[in-house]
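Undergrad: One structure follows; several queries about it will come next.
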Amino acid sequence: FEVWAEALPKGTLSFISGSGRATVPPVMRTGLVDVLGFIGGSKAGDAILKEHPAPHRLKAFLQLDAKNLGVVAPDADLDVAVGQCVVGSTSYNGQRCTAIKLILVHHSIADEFVRRLASAVAALPRGLPWEEGVLITPLPEPKKPAYLAELVGDAVAKGARVVNEGGGTLAGALMTPAVVF
């Protein structure tokens, strides 16, 4: 915080800690917020904007319901690219707004990249959060596994295929990540 305090005029940037649902609405209702940066869901973004007394004057930078891309160029080190795409898409079970949802790969390396990615994802240890070394755990929202299975099914119905062993399988709330190509 000291860096920001030294670099910007007083009052330019404010940090507020606490539950977003408890802290953001009262701050927005003051009308003192001129610029809002928000990353999250569209329902939450709409609710925040509606709290401001003059939403038409509010400058808003919103990243809502993101489908963040990983981009793999033809000269990429495939081991590094696969490793980063696995971490970027599966940490916290992909349940974060900055998780990679789509990966664009140059056609000249696509087959090899997909082969390596499928192998790396299939090797991720699955289980309960308190088990040693587990990286894929049950999803936290009761309806999320069925929703994700529906998305995989839709992609397959439209010509895609699941290329990793066990990809998209469910065991209660535990879903094996699916590499869909």
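The values are calculated or read from the model by the stated rules, or taken from the named source; none is laboratory data. Predicted, not measured: the structure shown is a model, and the values here were computed from it. Cβ sites come from the backbone with ideal geometry, for glycine too, and all protein chains shown count toward neighbours. Accessible surface is based on the protein model in full, side chains and every heavy atom, while ligands, DNA and RNA are left aside. Shrake-Rupley method; radii C 1.70, N 1.55, O 1.52, S 1.80 Å.
Undergrad: Quick one: which residues, 5 or more positions from LEU174 or on another chain, have an amide H under 5 Å from its amide H? H modelled 1.01 Å from N in the peptide plane, none for Pro or chain starts.
TA: LEU139
Undergrad: With no solvent and one point on each alpha carbon, what is the Debye value of log10 I(q)/I(0) for the stretch 105-181 at q = 0.15, 0.21, 0.23 Å⁻¹?
TA: One equal scatterer on each Cα of the stretch 105-181 leads to -0.56, -0.97, -1.08.
Undergrad: Provide, for the stretch 6-111, the number of lysine pairs with alpha carbons under 23 Å apart, each pair being eight or more places apart or on different chains.
TA: 7
Undergrad: Could you calculate the contour length gain from SER91 to ASP75, that is, 0.36 nm times the residue separation minus the distance between their Cα atoms, to one decimal place in nm?
TA: Additional length available on full extension: 3.2 nm.
Undergrad: Related question: Counting heavy atoms of the protein chains only and a 1.4 Å probe, report the per residue accessible area for the stretch 1-145 as a whole number of Å².
TA: 69 Å²
Undergrad: Would you calculate a helix-derived [θ] at 222 nm for the chain, using -39,500 (n - 2.57) for each DSSP H run of n ≥ 4 and dividing by the full residue count, to the nearest 500?
TA: Per the formula, -11000 deg cm²/dmol.
Undergrad: Let me ask something additional. Which is the longest part of the chain that has none of the GluC sites (Glu not before Pro) sitting in a DSSP loop with at most 11 other Cβ atoms within 10 Å?
TA: So the longest stretch without any such site is 1-130.
Undergrad: Ordered by residue, what ³J(HN,Hα) values in Hz, to whole numbers, does the stretch 153-165 give under the Karplus form 6.51 cos²θ - 1.76 cosθ + 1.60, where θ = phi - 60° and Gly and Pro are x?
TA: In residue order, the calculated couplings are x, 5, 4, 5, 4, 9, x, 7, 9, 7, 9, 9, 4 Hz.
Undergrad: Does the stretch 1-61 come out rounded, prolate or oblate, given a ≥ b ≥ c as the square roots of the eigenvalues of its C-alpha gyration tensor, rounded meaning a/c under 1.5 and, failing that, prolate meaning a/b above b/c?
TA: prolate
Undergrad: Grab the other residues whose beta carbon is less than 13 angstrom from that of HIS106, score K and R as +1, D and E as -1, and report the net.
TA: Net charge in that neighbourhood comes out at -3.
Undergrad: Can you tell me the FRET efficiency between ALA123 and LYS50 if r is taken as the Cβ-Cβ distance and R0 is 35 Å, rounded to the nearest 0.05?
TA: 0.15
Undergrad: Compute the angle between helix 110-122 and the longest alpha-carbon principal axis of the chain, please, reported from 0 to 90 degrees and rounded to the nearest 10.
TA: Between helix and principal axis, roughly 80 degrees.
Undergrad: Let me ask something additional. Report the local net charge at GLU150: Lys and Arg +1, Asp and Glu -1, summed over other residues whose C-beta lies under 15 Å from its C-beta.
TA: For residues surrounding GLU150, the net value is +1.
Undergrad: Quote the charge dipole size of the chain about the Cα centre in Debye, to the nearest 20; the model charges only the Cβ of Lys and Arg (+1) and of Asp and Glu (-1).
TA: With only Lys, Arg, Asp and Glu charged at Cβ, the dipole is about 720 debye.
Undergrad: Which entry in (1) 34; (2) 53; (3) 41 matches percent of Cα pairs over 24 Å apart derived from the coordinates of this structure?
TA: Only one option fits the structure, namely (2).
Undergrad: Further question: Determine, for each peptide in 169-176, 82-89, the mean count of other beta carbons within 10 angstrom over its residues, then list the peptides with the highest first.
TA: 82-89, 169-176
Undergrad: If you don't mind, there's one more thing I want to ask. Starting from the Cα-Cα distance between TYR147 and THR30, subtract it from 0.36 nm times their residue separation and give me the gain in nm to one decimal.
TA: Working it through step by step, the gained length comes to 38.3 nm.
Undergrad: Scan around ASN68 for amide H atoms under 5 Å from its own, H built in the peptide plane at 1.01 Å from N, and keep only partners 5 or more places away or cross-chain.
TA: Amide H to amide H, under 5 Å and 5 or more residues apart or across chains, ASN68 pairs with LYS101, LEU102.
Undergrad: Ignoring ligands, DNA and RNA, what percent of the 1.4 Å accessible area of the stretch 56-181 is carbon and sulfur?
TA: Answer for the stretch 56-181: carbon and sulfur cover 58 percent of the accessible area.
Undergrad: In terms of modelled amide H atoms, which long-range or inter-chain residues lie less than 5 Å from the amide H of VAL179?
TA: The answer is VAL163, ASN164.
Undergrad: Report the local net charge at ALA60: Lys and Arg +1, Asp and Glu -1, summed over other residues whose C-beta lies under 14 Å from its C-beta.
TA: Combined, the nearby Lys, Arg, Asp and Glu give 0.
Undergrad: Calculate the spin-label point distance for VAL134 paired with ALA22, positioning each point 7 Å from the Cα along the beta-carbon direction, and give it in nanometres.
TA: Calculated label separation equals 2.9 nm.
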